[in-house]
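Report on one structure; see the data block that follows.
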Amino acid sequence: MSDVKNVVIIGSGPAGHTAAIYAARADLSPFMYEGYMMGGSAGGQLTTTTDVENYPGFPEGIDGPELMQLFRKQAERFGTGMVQEDVVEVDFSKRPFRIKSDATEVLANSVIICTGATAKRMGVPNEEKMWNNGMSACAVCDGALPMFRNQPLMVIGGGDTAVEEGTFLTKFGSKVYMVHRRDELRASKIMQERAFKNEKLEIVWDTVFEDAVGQDYVTGAKIKNVKTNEIKELEVAGIFYAIGHTPNTSVFKGQIDLNETGYIILKPGTQETNVEGVFAAGDVHDYKYRQAVTAAGTGCAAALEAERWLAEKGLI
């Protein structure tokens, strides 16, 4: 068992690295579990994205993994200790808190959880090949890319997110098909009205997505009507999943308050969890915006709150 760390950050996306930069500059000597396989890879969802065109400061856009490397270098430059390991166990029931991976165990006065969320995928045959080559789980992140402009596009889902993302895509695509397995939407009344009024949005009812079509990039989508079993191919240049995200919080069950879908519950107007000294930032609690820039902002806020809390408790 090592000495007690002032701040342990769990997760290494925009929220985690921003928290680390602020904590390190405040001379708190943060220690970070970058993650390894939780959520797909260290660095969060941006490491699975190619072009990032909506992060401020990069007018020509930047490659997702490259952006995360810059985040990491900055956190490292100010003295953040890092291990590329997944946390497998935490104990927030007594102080100092205990955080453990398969190889490393540390004690912490405060913890900032930034483990993010993983976009749900469907596991169709061509998914791996076509991911980032016309397939995406974030229309707001990728929909404005040149490859999708003035092209027919598809969004899969029937809830508020699907309508929101489908509506967003109509700004760029020539037409947007919204594929939904039922004969009515799950979206709220107001969102349904928005979908029905949008002339560029066509809802394909009672239909499931079977696979992406294309060689190097998406050129079409294979879909099946669940009532007739008819399979047909639609010509589209982009396929966007809007079937939800899974927060990476399984290791925290029973340790902090989570909502019914597994997202961390925060005290209103703060980054504080129900356990004093444990904070959260990024997509692990934010199921509304889910953007790199908002994650970074909450990472900053969590670090500032952790510093203030540690000072109030006389721990620094």
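Cα gyration tensor of the range 183-316, axes a ≥ b ≥ c as square roots of the eigenvalues: rounded (a/c below 1.5), prolate (a/b > b/c) or oblate?
The shape class here is prolate.
Placing +1 on the Cβ of each Lys and Arg and -1 on the Cβ of each Asp and Glu in the chain, which of Thr47, Gln69, Trp309 has its Cα farthest towards the positive end of the resulting dipole?
Trp309
When Lys and Arg each count +1 and Asp and Glu each count -1, what net charge do the other residues less than 14 Å away from Asn229, Cβ to Cβ, add up to? Can you show the working numbers first?
Values: positive: Arg181, Lys222, Lys224, Lys227, Lys232; negative: Asp206, Glu210, Glu230.
Net charge in that neighbourhood comes out at +2.
Dipole of the range 175-264, Cα-centred, from +1 at each Lys and Arg C-beta and -1 at each Asp and Glu C-beta, to the nearest 20 debye?
Using Cβ point charges on Lys, Arg, Asp and Glu, the range 175-264 gives about 220 debye.
Taking springs between alpha-carbon atoms closer than 10 angstrom, which of Val251, Val284, Val208 fluctuates most in the Gaussian network model of the chain?
Val251
What FRET efficiency would be calculated for the residue pair Val208, Lys171, taking the C-beta separation as r and a Förster radius of 25 Å, to the nearest 0.05?
That pair, Val208 with Lys171, gives E of 0.40.
Can you tell me the orientation of helix 160-169 relative to the chain, as the angle in degrees between its alpha-carbon axis and the longest Cα principal axis, to the nearest 10?
Approximately 70 degrees, to the nearest 10.
With a/c under 1.5 counting as rounded, go ahead and sort the range 1-130 into rounded, prolate or oblate using the C-alpha gyration tensor (a ≥ b ≥ c being the square roots of the eigenvalues; past the cut-off, prolate if a/b is larger than b/c, else oblate).
oblate
Return the single residue from Phe252, Phe97, Phe58 with maximal mean-square fluctuation; model: Gaussian network over the chain, springs between Cα atoms under 10 Å.
Phe58
Okay, helix-only estimate at 222 nm for the chain: each DSSP H run of n ≥ 4 adds -39500 (n - 2.57), divide by all residues, round to 500 deg cm²/dmol; what do you get?
After summing the helix terms and dividing by the residues of the chain, the value is -7000 deg cm²/dmol.
Cα gyration tensor of the range 121-241, axes a ≥ b ≥ c as square roots of the eigenvalues: rounded (a/c below 1.5), prolate (a/b > b/c) or oblate? Please report the intermediate quantities before stating the final value.
Details: a/c = 1.72, a/b = 1.15, b/c = 1.50.
It is oblate, given that a/c is not under 1.5 and a/b is not larger than b/c.
If pairing requires two Cys Cβ atoms under 4.7 Å apart, which cysteines of the chain are left without a partner?
Taking the Cβ cut-off of 4.7 Å, the unpaired cysteines of the chain are Cys114, Cys300.
Working from Cα positions, state the angle (0 to 90°, nearest 10) between the long axis of helix 64-77 and the longest principal axis of the chain.
That works out to roughly 10 degrees.
Counting Lys and Arg as +1 and Asp and Glu as -1, what is the net charge of the other residues whose Cβ lies under 15 Å from the Cβ of Thr115?
Counting the neighbours of Thr115, the net charge comes to -3.
If you take the beta carbon distance between Glu76 and Arg186 as r and set R0 to 51 Å, what does 1/(1 + (r/R0)^6) give as a FRET efficiency, to the nearest 0.05? Walk me through the intermediate numbers first.
Numbers: r = 44 Å, r/R0 = 0.86.
Approximately 0.70, to the nearest 0.05.
Between Glu66 and Ser250, what is the spin-label point distance in nm, taking each point 7 Å from the Cα along the Cα→C-beta axis?
Result: 3.5 nm between the two label points.
Pulled fully out, how much extra length does the chain show between Ala311 and Arg149, if you take 0.36 nm times their separation in residues and subtract their Cα-Cα distance?
Length gained, Ala311 through Arg149: 53.2 nm.
Ser93 versus Lys227, label points 7 Å from Cα toward the beta carbon: distance in nm?
Taking the two extended label points, one gets 5.4 nm.
If you place +1 on the Cβ of every Lys and Arg and -1 on the Cβ of every Asp and Glu, how big does the dipole about the Cα centre of the range 121-241 come out, in debye to the nearest 20? Each step should come with its number before you reach the end.
Numbers: 16 positive and 18 negative charges, 47 e Å.
My answer is approximately 220 debye.
If you add up the charges near Leu153, with Lys and Arg at +1 and Asp and Glu at -1, over every other residue whose beta carbon is less than 12 angstrom from its beta carbon, what do you get?
The answer is 0.
For the Cα atoms of the chain, what angle does the longest principal axis make with the long axis of helix 292-312, in degrees from 0 to 90, nearest 10?
The answer is roughly 20 degrees.
Comparing Thr249, Thr228, Thr170, which has the greatest mean-square fluctuation in the GNM of the chain with Cα pairs linked when under 10 Å apart?
Greatest mean-square fluctuation among the candidates belongs to Thr228.
Mean separation of Cα pairs under 8 Å and 6+ residues apart, divided by the residue count of the chain: what relative contact order is that in percent?
21 percent.
Per Stokes-Einstein, at 4 °C and 1.567 mPa s, what whole-number D in µm² s⁻¹ belongs to the chain, with the Kirkwood radius over Cα pairs as the hydrodynamic radius?
63 µm²/s
Nearest-5 percent of antiparallel DSSP beta bridges in the chain?
45 percent
List the residues, sorted by chain then number, that are 5 or more residues from Thr207 or on another chain and whose placed amide H is less than 5 Å from its amide H.
Correct list: His180, Arg181, Arg182, Val226.
Dipole of the chain, Cα-centred, from +1 at each Lys and Arg C-beta and -1 at each Asp and Glu C-beta, to the nearest 20 debye?
Computed charge dipole of the chain: roughly 480 debye.
In the range 121-241, with Lys and Arg counted as +1 and Asp and Glu as -1 at Cβ, which of these residues, Thr161, Ile223, Gln192, has the Cα nearest the positive end of the dipole, that is, farthest along it?
Gln192
Please state the relative contact order of the range 121-241 as a whole percent: Cα pairs under 8 Å, 6+ residues apart?
Normalised by residue count, the contact order of the range 121-241 is 31 percent.
Only the coordinates and a few stated rules stand behind these numbers; no lab work does. Quantities reported herein were computed from a predicted structural model and do not represent experimental measurements. Glycine gets a Cβ as well: all are built from the backbone with ideal geometry, and neighbour counts include every protein chain shown.
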